[in-house]
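The structure appears below as structure tokens.
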Amino acid sequence: MGKLGEILSHPDELIPLVRMARDARQVTRLPADPDLAFCYGILNDVSRSFAIVIQQLPNPLRNAVCVFYLVLRGLDTVEDDMALEVGFKVDQLKLFHENIYKRGFTMSCGYNHYKRLMSKFNIVVDIFLRLEDVYQQVIADITRRMGYGMAEFIEKEVITVDDYDMYCHYVAGLVGIGLSQLFAACGLEAPSVRAQEDLSNHMGLFLQKTNIIRDYLEDIQEEPAPRMFWPREIWGQYSTSLEYFKDPVNRKQAVQCLNHMITDALRHLPYCLQYLRQLRSVLVFRFCAIPQIMAIGTLALCYNNGKVFEGVVKMRRGQTAKVFQTCNDMGDVYRWFIYFLRILEAKVSSEVAQDDPSLAAMRTEASASLSHCRAALVQWRAAQPGSAVALIRDWALLAVSGSYFYYVWRLGGPGPESLPELLRPYAWVLERHEEVQRAVSVLVLVLVFAVVVSERRKV
């Protein structure tokens, strides 16, 4: 049945699929400016889902993020091209942040869409040079730091988990740091978001580790030579070679290693949630939150799943579409995380062999993350306008401000007799500066009413 079977078995995903298809069509509507049209067109080619969330950002942030992504894609293409001579590659990685200031700069490297990107990289450079200086500085600085980091790992094997974290920092953590700087630079987020580099780094590491785990087979089959970033400190506990896991005969050890890798990735999850909680722009929030939900969903599918060693394991397209359509606040994030963490917990409870070396650690990690998300969701709901607590708060504010207005305007008659008996001994406070009190009462009542109406509209 294929895709039709997926829709029939998950009918709730049909409308999100239609909406995502509509969004994808909108993404293909390119700007009138031919250089911008190339940038957004090639963005669609190298990352359709990322293009959708980028184009939902407002300008000038949208163009800055688009260029940032393409510049780093260019840098990544240089790193990934195994046909380039090592010395030349290292030099180009270290010079890339300077080359993006040189009009006419192109390179001959990469494959498919990436080869086209690099052959016309001069267009990306032209758009980069049109950006405001503050955006150029962020992009150039992150490109410099990433280029030097990539160069460090060209001939360096990822031995320890610390090496693994450092490599992921260079290729993804720095992306998170740069994006946070762009969010703050455009004013959509507070300067404090820019300062939280550690949290931004965890956001990148969670995504990068998910990709490294999921792409095992694709990376180890890469020609002319594979590039693998699974740390020896982990895989060395299960085999003498990463190639060993390709053989179905060794599937038990392969899956145990996979489970260990996923357990390691989950330690970044609390920091990712902490980062997302500080965001105030809905558009920036969606841009950051959707990939995080996709990452935890992918890890839940990959966990204890031998198919990772046979091909790429991905979430259903309908489920992906549903994430895109239902990710607007922390409540949505918590609900999605709880959903996927429950899948992980169920696998831990009933599917994983008891002799799996990382089982106890995963049980602890999944349970702690699930408890955290559940408690956070309860707190989030309590703080929302539609909650009982918020409703009581709103009525209390209206009652207090209304009572104040009622008394100072003598609507219940003159004197303290109009007050509740409990408050009559304090009537003298309200009777001083009567004209001022009346003006204040009107201001307070109008302000409280406006705030309550605004909050009720969000329900």
Exercise. Looking only at residues in the stretch 334-388 that are small (Gly, Ala, Ser) and within 20 Å of the chain's Cα centre (by Cα), which one is nearest to LEU299 (Cα to Cα)?
Worked result: ALA366
Problem set entry | Subset of the stretch 183-239 [outside any loop (DSSP other than H, G, I, E, B), touching a helix residue (DSSP H, G or I) at 6+ places or on another chain (Cβ under 9 Å) and under 18 Å from GLU79 (Cβ atoms)] | GLY204, LEU205, LEU207, GLN208, LYS209, ASN211, ILE212, ASP219, ILE220
For this session: Could you tell me which of the residues LEU258, LEU205, LEU276, LEU283 is under 28 Å from SER180 (Cβ atoms) and buried (at least 23 other Cβ atoms within 10 Å of the Cβ)?
Result: LEU205
Problem set entry | Elements of type helices (runs of 4 or more DSSP H) contained in the stretch 40-143, each with 2 or more residues being within 26 Å of ILE293 (Cβ to Cβ) | 48-54, 61-80
For this session: Run down ARG267, ARG317 and say which single residue is among the charged types (D, E, K, R) and under 16 Å from LYS209 (Cβ atoms).
Result: ARG267
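Out of ALA396, ALA390, ALA427, which single residue is modelled with pLDDT of 80 or more and either assigned to a helix (DSSP H, G or I) or farther than 30 Å from MET330 by Cα (or both)? So that I can check it myself, show each step before the final result.
Details: ALA390 fails: modelled with pLDDT of 80 or more; ALA427 fails: modelled with pLDDT of 80 or more.
Sole residue among the options that is modelled with pLDDT of 80 or more and either assigned to a helix (DSSP H, G or I) or farther than 30 Å from MET330 by Cα (or both): ALA396.
Residue-by-condition table, conditions (1) outside any helix (DSSP H, G or I); (2) within 23 Å of MET203 (Cβ to Cβ); (3) assigned by TED's automatic domain parsing to the domain that holds CYS257; (4) not aromatic (Phe, Trp, Tyr):
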residue	(1), (2), (3), (4)
ARG286	no, yes, yes, yes
TYR339	no, yes, yes, no
ALA353	yes, no, yes, yes
ARG363	no, no, yes, yes
HIS372	no, yes, yes, yes
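Among the residues in the stretch 264-275, are any out of contact with any His (no Cβ under 8 Å at 6 or more places or on another chain) and farther than 30 Å from LEU242 by Cα? Break it down into steps so the answer makes sense when it comes.
Quick first cut of the stretch 264-275, residues out of contact with any His (no Cβ under 8 Å at 6 or more places or on another chain) only: 264-267, 269, 274.
Now restrict to residues that are farther than 30 Å from LEU242 by Cα: 274.
Scanning the stretch 264-275 turns up at least one residue that is out of contact with any His (no Cβ under 8 Å at 6 or more places or on another chain) and farther than 30 Å from LEU242 by Cα.
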Exercise. Under 29 Å from SER281 (Cα atoms) and of a type in the set (Val, Ile, Thr) - does that describe any residue in the stretch 332-342?
Worked result: yes
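Quick one: which residue in GLN181, GLN196 is more than 25 Å from MET82 (Cα to Cα), modelled with pLDDT under 95, surrounded by 18 or more Cβ atoms within 10 Å (Cβ to Cβ) and among the polar types (S, T, N, Q)? Can you show your working first?
Values: GLN181 fails: modelled with pLDDT under 95.
The unique qualifying residue is GLN196.
Yes or no: VAL78 modelled with pLDDT of 95 or more and more than 26 Å from the chain's Cα centre (by Cα)?
Against the criterion (modelled with pLDDT of 95 or more and more than 26 Å from the chain's Cα centre (by Cα)), VAL78 does not qualify.
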For this session: May I ask you to list pairs of residues, at least six apart or on different chains, whose Cβ atoms are under 7 Å apart, with the first in the stretch 242-261 being without any contact (Cβ under 8 Å) to a residue 24 or more places away in the chain and polar (S, T, N, Q) and the second being outside any loop (DSSP other than H, G, I, E, B) and surrounded by fewer than 16 Cβ atoms within 10 Å (Cβ to Cβ)?
Result: ASN250/TYR244
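Within the stretch 112-144, how many residues are among the aromatic types (Phe, Trp, Tyr) and touching a Lys or Arg at 6+ places or on another chain (Cβ under 8 Å)?
1
Please verify whether LYS307 is in a helix (DSSP H, G or I) and either farther than 30 Å from SER180 by Cβ or touching a Cys at 6+ places or on another chain (Cβ under 9 Å) (or both), treating the condition exactly as stated.
On the way: in a helix (DSSP H, G or I): yes; either farther than 30 Å from SER180 by Cβ or touching a Cys at 6+ places or on another chain (Cβ under 9 Å) (or both): yes.
Taking the combined requirement at face value, the residue satisfies it.
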Problem set entry | Members of the stretch 240-260 found to be of a type in the set (Val, Ile, Thr) and either closer than 16 Å to MET362 by Cβ or not assigned by TED's automatic domain parsing to the domain that holds ARG214 (or both), listed by number | VAL255
Exercise. For the stretch 76-105, what are the residues that are out of contact with any Leu (no Cβ under 8 Å at 6 or more places or on another chain), β-branched (Val, Ile, Thr) and within 28 Å of GLN221 (Cα to Cα)?
Worked result: VAL86, VAL90
For this session: Name every residue in the stretch 61-79 that is more than 22 Å from LEU93 (Cβ to Cβ) and among the basic types (Lys, Arg), in order of residue number.
Result: ARG62
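Step by step: first the residues of the stretch 104-135, then only those that are of a type in the set (Gly, Ala, Ser) and loosely packed, with under 13 Cβ neighbours inside 10 Å, then the one that is farthest from PHE88 (Cα to Cα). Which residue is that?
Narrowing the stretch 104-135 to residues of a type in the set (Gly, Ala, Ser): 104, 108, 110, 119.
From what is left, the residues that are loosely packed, with under 13 Cβ neighbours inside 10 Å are 104, 108.
Details: GLY104: 20, SER108: 12 Å.
Result: GLY104.
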Problem set entry | the stretch 81-103: number of residues that are within 30 Å of the chain's Cα centre (by Cα), buried (at least 17 other Cβ atoms within 10 Å of the Cβ) and not hydrophobic (A, V, I, L, M, F, W, C) | 4
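The values are calculated or read from the model by the stated rules, or taken from the named source; none is laboratory data. What you see is a predicted model, and the numbers here were worked out from it, not measured in a lab. We place every Cβ from the backbone using ideal geometry, glycine too, and count neighbours over all the protein chains shown.
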